[in-house]
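Have a look at the structure below, then the notes.
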Protein chains: 2
Amino acid sequence: MVATIKDVAQQAGVSIATVSRALNTPDRVSLAAQSAVQAAIAALGFRPNLIGRQLRADKTGLIGVMLPTLSNPVFAECLQGIEQAALAANYRVLLMTTHYRADREQHALETLLNQRVDGMILTVAHAAQHAWLDRLEDLSVPYMLVYNQCDARPCVSVDNRAAAAQGVTELLLRGHRHIAMISGQLQASDRAQQRYQGYCDAMRAAGLVPGEPLEIDFESADLPPELVGRLTGPDRPTAVFCGNDRLAILVMRRLLARGLRIPQDVAILGFDGLEIGELLAPALATVSQPNADIGARAMERLHGWLDSGQRLASLVLPHGIRRGGSIHA
Amino acid sequence: MVATIKDVAQQAGVSIATVSRALNTPDRVSLAAQSAVQAAIAALGFRPNLIGRQLRADKTGLIGVMLPTLSNPVFAECLQGIEQAALAANYRVLLMTTHYRADREQHALETLLNQRVDGMILTVAHAAQHAWLDRLEDLSVPYMLVYNQCDARPCVSVDNRAAAAQGVTELLLRGHRHIAMISGQLQASDRAQQRYQGYCDAMRAAGLVPGEPLEIDFESADLPPELVGRLTGPDRPTAVFCGNDRLAILVMRRLLARGLRIPQDVAILGFDGLEIGELLAPALATVSQPNADIGARAMERLHGWLDSGQRLASLVLPHGIRRGGSIHA
DNA sequence: CTGAAAGCGCTAACAG
DNA sequence: CTGTTAGCGCTTTCAG
């Protein structure tokens, strides 16, 4: 059906080796052969089968990307950055999402490994203790973590703990003393834990007792009533720090619907820096991360690693504080 | 380094054929051999090289997905749906984005073809006349278009023209007579053209003269001043229909910043049904599409095609009208 | 139930 | 500069 290098060789009246050379090292082929091959390629509509090439070369030019979800624009933006950089480095992207589930992480990693991707860009639940990451190291498969932050692994992230502390300090500076933190399940995300640490740091530095984190499912579409009760009841906090912008948006919606005024009755601070937050009313204040950059830089570093064989260190990118109507009038 | 089927065979004291069978058709292998092979696999940490399998089978289990951008959540949500359905059907996703550029469309299609994906899910600029799509048909590579809507091709989409007309009719019902349409470049998107047609249909049905479309780059981060001038000047429209939600959000922001009240001074209607629009103030009214479903259904149909060899017809999914504060108080 | 051998499409020695 | 050949890892006849 579809033409192979053999057909081209026959059509052009040369050997398959010459065709291969004409394709890969044109300078080592006579002009006559070169043009005969080109003509044959055009006539047959030949396109090189990358599978054959990959098997032979033991390299695929594929980068495996594993992210929790694309419904959170944080990861979509990051993936956009990865894809951009991958294109520049002439790699292709194989995508898998895990929805914060360990079984899907495992399945994805296994699949990517079997597909013999040249390298991986991953966000995992817990970078520090992760049997599969250890396995990647054993196999010396180059990989970069994004969003995860962990001394022992190559990561591209912001300094989650410091960033969270700085964000909470903004709330403290505005006079808040009763500040709650809402987070996705700590057990499903080391970043969530680090951000909680940062919250604790800032509270303690101000001589306050940090509250327990109020956990909620990362992918839930709304707040559980119990949580809404705590945020609107008599003992409610005057400010809420949310572990990510998606949660912050859910909280804002629910509290506004309950008739609370933001920021007068309660201030809201997010984490991520989603663009869309700026368009909300009030505009969402947030600790911002350079999401597309995180992806792009991770891909660039992975490319360097793949090129040089040299494992690269982690990269901490600067975070920002975006002030907005949700924390001050 | 990494174990192959040969190593497993040696370790287990059987032939490579038996190993292969133990992997693929365990029932055709004796229990003794089976367990010897399993032991060897575990001992060596063997994982089957899919590249070898793919070359042999002339099937990759890969689905090529080509979308304009992931910065627009419409496509991220769609991709999420695709990925979900691909997982269920045991396919993997190879992702490329085009940023509405013809050269990148071409490059992506070429790459996917060379990588021998089993099928493709695509959004192209213009489905009707598209040389590469014709090429796919010639090669009988199964593909499904998403968002594009075109009689001659297999598409999963809403009825763009009817949906747009229905949306504009909502504005007409509220007494608007001077309704402008803002759109991404018509030349880069057949959907944009169809939606403009729908706008024209509704206007004419009301005895009004449709305006020329006001074009703006799909990926621009803000409105050009010239356009802002037209929307705020003395002859400004009382309602604006935007070809997608992202544009609508930009327009809302700009006009609010200029001191216009929405919807009293100007009503805004979007197209896409992004969730986030509900959280804006005022909430964005929009013509909604089932984005994740569009992706998932496209993948399911592609799977059917791949399974049966039977090309499947297009699927038109229902759209919705989401009323919101941006068109009525 | 098992093994030997061919071959998927391609590249890279190795000879000439 | 060019052709012959081996072989990447795997599945699948075809014999036994």
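A short reminder: the numbers here are calculations on the coordinates, not readings from a lab. Predicted, not measured: the structure shown is a model, and the values here were computed from it. Neighbour counts run over all protein chains shown; Cβ positions are idealised from the backbone, glycine included.
In plain terms, the bigger the Kirkwood radius, the slower the diffusion; for chain A, with that radius from Cα pairs, at 37 °C and 0.692 mPa s, Stokes-Einstein puts D at 148 µm²/s. With springs only between Cα atoms under 10 Å, which of A:50, A:250, A:171 fluctuates most in a Gaussian network model of chain A? Looking only at A:50, A:250, A:171, the largest GNM fluctuation is found for A:50. Considering only A:40, A:73, A:132, the residue lying farthest towards the positive end of the dipole of the stretch A:1-132 is A:40, judged by Cα position with unit charges set on Cβ. Note on chain B: GNM, Cα springs under 10 Å; of B:86, B:40, B:32, the largest mean-square fluctuation is that of B:32. Can you give me the orientation-averaged projected area of the convex hull built on the Cα atoms of the stretch B:167-238, in nm²? Quarter of the Cα hull surface area: 5.1 nm². Taking θ as phi - 60° and the Karplus parameters 6.51, -1.76 and 1.60, the scalar couplings of the stretch A:134-144 work out to 4, 4, 4, 4, 4, 7, 6, 8, x, 8, 10 Hz in sequence order, x denoting glycine and proline. Relative intensity of the stretch A:160-290 on a log10 scale, I(q)/I(0) at q = 0.19 Å⁻¹, equals -1.06, per a Debye sum over C-alpha point scatterers of equal strength in the absence of solvent.
Computed from Cα positions, the angle between helix B:31-44 and the longest principal axis of chain B comes to roughly 60 degrees. Within a straight-line Cα-Cα reach of under 17 Å, residue A:6 can be paired with the following aspartates and glutamates, leaving aside sequence neighbours fewer than 8 residues apart in one chain: B:58. In chain B, the longest principal axis of the Cα atoms and the axis of helix B:190-205 are about 30 degrees apart. In a simple Cβ point-charge model (Lys, Arg +1; Asp, Glu -1; nothing else charged), the stretch B:171-329 has a dipole of about 480 debye relative to its Cα centre. For chain A, the longest principal axis of the C-alpha atoms and the axis of helix A:160-173 are separated by about 30°.
Cross-link partners for residue B:59 among the lysines, with Cα-Cα distance under 19 Å and sequence neighbours closer than 8 places in the same chain left out: A:59. Enclosing the Cα atoms of the stretch A:5-48 in their convex hull gives a volume equal to 53 cubic angstrom per residue.
For chain B, DSSP calls about 10 percent of its internal beta bridges antiparallel. Around the amide H of residue B:60, modelled in the peptide plane, lie the amide H atoms of B:118, all under 5 Å away and 5 or more residues distant in sequence or on another chain. Pairs of alpha carbons in the stretch B:1-152 separated by more than 29 Å make up 37% of all such pairs. For the stretch A:191-266, the Cβ-based charge dipole about the Cα centre amounts to some 240 debye (Lys, Arg positive; Asp, Glu negative; other atoms uncharged).
Using the Cβ atoms and a cut-off under 15 Å, what net charge is assigned to the surroundings of residue B:226, where Lys and Arg are +1 and Asp and Glu are -1? With Lys, Arg at +1 and Asp, Glu at -1, the net is -1.
If only the Cβ of Lys and Arg carry +1 and only the Cβ of Asp and Glu carry -1, the dipole of the protein assembly as shown around its Cα centre is close to 180 debye. Where is the GNM fluctuation largest for chain B (alpha-carbon springs, 10 angstrom cutoff): B:138, B:245, B:222? Largest GNM mean-square fluctuation: B:138. Pairwise alpha-carbon distances in the protein assembly as shown exceed 33 Å for 54% of all pairs. Of all DSSP beta bridges confined to the protein assembly as shown, the antiparallel ones make up roughly 15%. Near the amide H of residue A:155, within less than 5 Å, lie the amide hydrogens of A:145, A:314, A:315, all on another chain or at least 5 residues away, with H placed in the peptide plane.
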